[in-house]
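Reviewing the structure listed below.
None of the figures in this text is laboratory data; all of them are computed from the coordinates on show. From a predicted model like this one, the values you see are computed outputs, not experimental measurements. As a convention, Cβ positions derive from the backbone with ideal geometry for all residues, glycine included, and neighbour counts pool all protein chains shown.
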Amino acid sequence: MPRLPHPRWKNPHLSRFIKQDDAQYFDFFRGQLVYELSGYSHSEFWLRIVPCESSLDRCALESALAIGALSTAIRLAPQLSAQSTRRPSALYPWSVIVMANVHHEAAVRHYVKALALFRNRLEAEMNKASPRSLLIVSLLLITFELLQGDMKSADSLITRSITLLKHTLKLHRQDGLAQQAQTPRPLEGDLEDIEHLLPLISIMGGYTPFLLSQSSNMQLWDTTCGMDLPDSGQPSISKLDIQWNKFHARAVAFIGVTMKFQTLPLPQQRDTEEQKNVILAQLRIWQIEFDSWCGGGKAYVEPAHMRTLQIMQIQRQTLLICISCCLDDTDMMYDDFETEFRILLTRCVKYLRESRPTYLFTLSTSILSALLVVVNRCRVHNLRMMAAGIIRQIQWREGAWEPALMLNGKLGGVLMEERSRNRDGFIPSDCRWFWAATEWEAGRKQLIATYIRAVPDVNGQTVNKTLVLDPDKSLDVCSDIGCREDHDVEQLDLSLGIR
């Protein structure tokens, strides 16, 4: 539960804009939420840049107050509401029609002010507006929408922000973009260290069924040049974190682009295969750097920094598997990576046991996406069911990634696959399915999930299938197929995940 103390800060500039009743929200935001939103990351965006910007920019301040008030409202909703109030999610977003409590009212009030200031700035100062300021406020507004579960508004904000900042974002493809009339602005201070955050939110959101525009926005990102590699002389974990996140964003975008690999002309297919090999080579370089940090090659690594390195290793292992197999249209190559899946799963278990996250919402990408890869791509029944069991215990959301909803969607495809195992325990390629889309029928409280078969029919046409899912009840795959095995993670050899 949040502690709501009297403000401990003395800032004459801020005191002119923050009423005494609202001071608790800024104190909560800067004293606790910045750590939760940054998650494992040691980037200075939440820990330093946003608090500083909030003390200088009224729009950023109102956004921070809105996030602080909304987070307070969510945590206190069960105690302050006359009726049971769900935590906001993609299926049950909070709205202005029904206020959960007085903190929710305050959150909406500050958010409306922030939006008005942001729109006025765009209308009056579009040619003068600082890209750094636009990026910071955009990320704050997107965070608010994701936090309250309004995925449609978050999706629109992300796309609008990308359009506004496309000449600033290095990950954005610049071919075909109209040249700016004025001389390009020099990079502002730490803009280069934070400009990847918006693309990363967009790219990761494109792998969910909730941010519909971000899947098509995957084509906007340049996955071919400027891959950031570790600087062996880098003394700071935060700089290593920034470099890795830039590399990670490009690599994950590459996987998304390859979903249409077979429809590309042959020259582009050859270029794509070459790029895949380049990324795999770069992943080996990153592994050497991680080994250097974790193996004592660097100075003493603090426990908090070690958690950051653990997540980087988990993400690297996930990329290794997915990049290696992403150009296989039959989806059969994943069967050769059982050892890699087992290592990935053990790394996730070790991270959870040693870090024990307590936050409810974070913008950072930690282990949820990695575990879902095991559920979806690993056809070893025991391993994928272990991963599903871990996800059921996760209480936090990672941006647009909601553990229960994402797991249920993936398990629909898993259920069809597990029913199709032959006597040898093998799942044929024409029985492998992927979750493609979801339609939510609020009146019936039903999820209509659409799945695409890995292999098309004899005429080359896509094969689709739909399942009706209960959003409040996870599919029990093992009961359906008669599996009585205990999929306990204690069976894992945790020493596998050390390197």
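Details
- Cα gyration tensor, the stretch 404-463 - rounded (a/c under 1.5), prolate or oblate: oblate
- Cα→Cβ-extended label distance, 7 Å offset, between residue 271 and residue 358, nm: 5.1 nm
- Dipole axis of the chain (+1 Lys, Arg; -1 Asp, Glu on Cβ), positive-most option in 483, 256, 221: 221
- Adding -39500 (n - 2.57) for every DSSP H run of four residues or longer, then dividing by how many residues the chain holds, sets the calculated 222 nm ellipticity at -16000 deg cm²/dmol.
- Net dipole in debye of the chain [+1 Lys, Arg Cβ; -1 Asp, Glu Cβ; about Cα centre; nearest 20]: 1080 debye
- Angle in degrees between helix 102-125 and the longest Cα principal axis of the chain, rounded to the nearest 10: 80 degrees
- Projecting the Cα atoms of 385, 371, 89 onto the charge dipole of the chain (Cβ charges, centred on the Cα centre) puts 89 farthest toward the positive pole.
- Fewest neighbouring Cβ atoms within 10 Å first, the residues 142, 323 line up as 323, 142.
- If the convex hull is drawn through the Cα atoms of the stretch 429-497, its volume per residue in Å³: 169 Å³
- Interchain or long-range residues, amide H under 5 Å from residue 221's placed H: 173
- Per-residue Karplus couplings for the stretch 398-403, computed as 6.51 cos²θ - 1.76 cosθ + 1.60 with θ equal to phi - 60°, are listed in order as 10, x, 8, 8, 9, x Hz, Gly and Pro entered as x.
- Point-to-point label distance, residue 395-residue 109, nm (Cα→Cβ direction, 7 Å offset): 3.0 nm
- Take each peptide in 303-312, 408-417, count the other Cβ atoms within 10 Å of every residue, and average; sorted highest first, the result is 408-417, 303-312.
- Peptide ranges 200-208, 164-172, 471-479 listed from the most packed, as the mean C-beta count within 10 angstrom indicates: 200-208, 164-172, 471-479
- A simple packing score, the average count of other Cβ atoms within 10 Å per residue, orders the peptides 278-286, 459-467 as 278-286, 459-467, with the highest score first.
- Rg/Rh (Cα only; Kirkwood hydrodynamic radius) as it applies to the chain: 0.96
- Integer Hz, Karplus 6.51/-1.76/1.60 couplings in order for the stretch 49-61, x for Gly and Pro: 5, 5, x, 5, 5, 5, 7, 10, 10, 4, 5, 5, 5
- FRET efficiency, 1/(1 + (r/R0)^6) with R0 41 Å, evaluated for residue 464 and residue 97 via beta carbons: 0.70
- Dipole of the chain computed with +1 at Lys/Arg Cβ and -1 at Asp/Glu Cβ about the Cα centre; of 322, 358, 54, farthest Cα towards the positive end is 54.
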